[in-house]
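So the structure is just underneath, and the comments pick up after that.
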Amino acid sequence: MTIVRVGLGTRSYDVVIEAGLLARAAEHLKPLARGRVMAIVTDENVRPHLDVLRGALSDAGVESEAIVLPPGESTKSWAMLEHLTDRLLDLGIERGDHVVALGGGVIGDLVGFACSILKRGCGFVQVPTTLLAQVDSSVGGKTAINTRAGKNLIGAFHQPALVLIDPVVLETLPLRQVRAGYAEVVKYGLIDDADFFAWCEANGAALLAGDLALREHAIAYSVAAKARIVAEDERETRGRRALLNLGHTFGHALEAEAGFSDRLLHGEAVAAGMALAYGFSAAKGLAPQADAARVAAHLRSVGLPDGLAAASIVASGEVLVAHMLHDKKMDAGTLPFLLARGIGQSFVDTSVDLDAVAAFLNLDPR
Ligand code: GLY
């Protein structure tokens, strides 16, 4: 078992990572239930895990109530937020209660946001069931829904009280989803730890093939890296948390071009985005070309896209840059870019010339 503490003063919490944790979750959840009914919010795809969790709670004498929502990105909507908050109010949830979010990023983001406004803020626990949610979205307190104007534009910072991560649940996740989550694991090496990137090169294929010990190690490493960055810059105001967006600006443009659909999963867009960020850094003479080639080669070797062609994106550089201008990271007319001086040496550049980005993208094979 690994326990990572996210150090945020009175909002600090533990992230517990252990194979088989779901079946032992009551040990951690019972004290938070306070002898009351625990609400668990999940989606249709997660039912087998819901049964394990409810069974564990029931064995420990904790009564639970499940709210099962439809799966998919469209669940992060105003309509579902209204539905969910009404259901939670019907259950009599109090500020001191803890709602359990059992699922991937969609459930975590929606439940976290609902809990940030329910009775002006109640507690919640993240039990992430996708690799992407385990290594990224369940930790750090970003919560949101999507609106007509774009993804995650209405939301709040609301930290969970606890995060429980069981790598065994990934065994029922489609490989494509595991691979997409793995892109966010690689991201931590590229941000500031060249040794961890080398670890990914050596172990990524076996991890994706199902090695549980490697999965547990990668999750624990990623969560510790994220916890460190979030503790330094909880609300992304001093720049440090922005490093977690490596690959996301290029990736956002690709996702927008793909219509934010299953054609290109978020993690796949991040993979291609990271390869493009390194390629652009090398083209600008900031990073060695060999490092950019190494990043692309590793992503390609595990079946992740390493550029526009692999992501099946045919749009021009100008069209992709236009998508970037709708990114919520826009700040007073400038768009911060995550660039790199080499593997494990990323930094925020707020003076990137968008015409140069478009010209670079026009050279990327598609
Ligand atoms: N996924 C980026 C962040 O949590 O800041």
Relative contact order for region 301-356, counting Cα pairs under 8 Å that sit 6 or more residues apart, in percent | 22
Just how far, in whole angstrom, is region 49-123 from region 162-180 if you go by their alpha carbon centroids?
-> 19
For region 98-109, what does the Karplus curve 6.51 cos²θ - 1.76 cosθ + 1.60, with θ = phi - 60°, yield as ³J(HN,Hα) per residue in whole Hz, taken in order and with x for Gly and Pro?
-> 10, 7, 9, 9, 10, x, x, x, 5, 5, x, 5
Pairwise FRET efficiency - Ala209 versus Leu8, Cβ, R0 = 35 Å, nearest 0.05 | 0.45
What are the residues whose amide H is under 5 Å from the amide H of Phe124, where those residues sit 5 or more places off or on another chain and H is modelled from the backbone?
-> Val99, Ala161
Counting pairs of alpha carbon atoms under 8 Å apart in space and at least six apart in sequence, what relative contact order in percent does the chain give?
-> 14
What is the antiparallel percent of DSSP beta bridges lying wholly in the chain, to the nearest 5?
-> 45
Under-23-angstrom lysine pairs by C-alpha in the chain, whenever the two are 8 or more apart or on separate chains = 23
Prolate/oblate/rounded call for region 247-305, Cα gyration tensor, a/c under 1.5 rounded = oblate
Karplus 3J(HN,Hα) series, Hz, for region 128-138 with 6.51 cos²θ - 1.76 cosθ + 1.60 (x for Gly, Pro) | x, 10, 10, 5, 4, 5, 5, 9, 9, 5, 7
What is the gain in length, in nm to one decimal, between Ala23 and Leu354 on full extension, counting 0.36 nm per residue of separation less the C-alpha to C-alpha distance?
-> 114.2 nm
Stretched fully, the stretch from Arg95 through Met1 gains (0.36 nm per residue minus C-alpha distance, one decimal, in nm) 30.8 nm
Based solely on its DSSP helices, what 222 nm [θ] is calculated for the chain when runs of n ≥ 4 H residues each add -39,500 (n - 2.57) and the sum is averaged over all residues, nearest 500 deg cm²/dmol?
-> -14000 deg cm²/dmol
Mind ordering 125-131, 74-80 by average Cβ neighbours within 10 Å, highest first?
-> 125-131, 74-80
Computed over region 216-366: relative contact order in percent, which uses C-alpha pairs under 8 Å that are six or more apart = 24
Looking at region 49-178, what % of its DSSP beta bridges pair antiparallel, to the nearest 5?
-> 40
Gyration tensor verdict on region 213-252 (Cα atoms; rounded if a/c is under 1.5, prolate if a/b is larger than b/c, oblate otherwise) | oblate
When the chain is treated as a GNM, springs tying every alpha-carbon pair under 10 Å, which of Gly155, Gly333, Gly123 comes out with the largest mean-square fluctuation?
-> Gly333
Interchain or sequence-distant (5+) residues whose placed amide H lies within less than 5 Å of the amide H of Ser64 are Met38
Per-residue HN-Hα couplings for region 185-193, Karplus 6.51 cos²θ - 1.76 cosθ + 1.60 at θ = phi - 60°, whole Hz, x for Gly and Pro?
-> 5, 4, 3, 5, x, 5, 4, 8, 9
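FYI, it's all coordinate maths here, none of it is from the lab. Remember, predicted model here, so these are calculated numbers, not experimental data. Backbone-built Cβ (ideal geometry, glycine too); neighbour counts: all protein chains shown.
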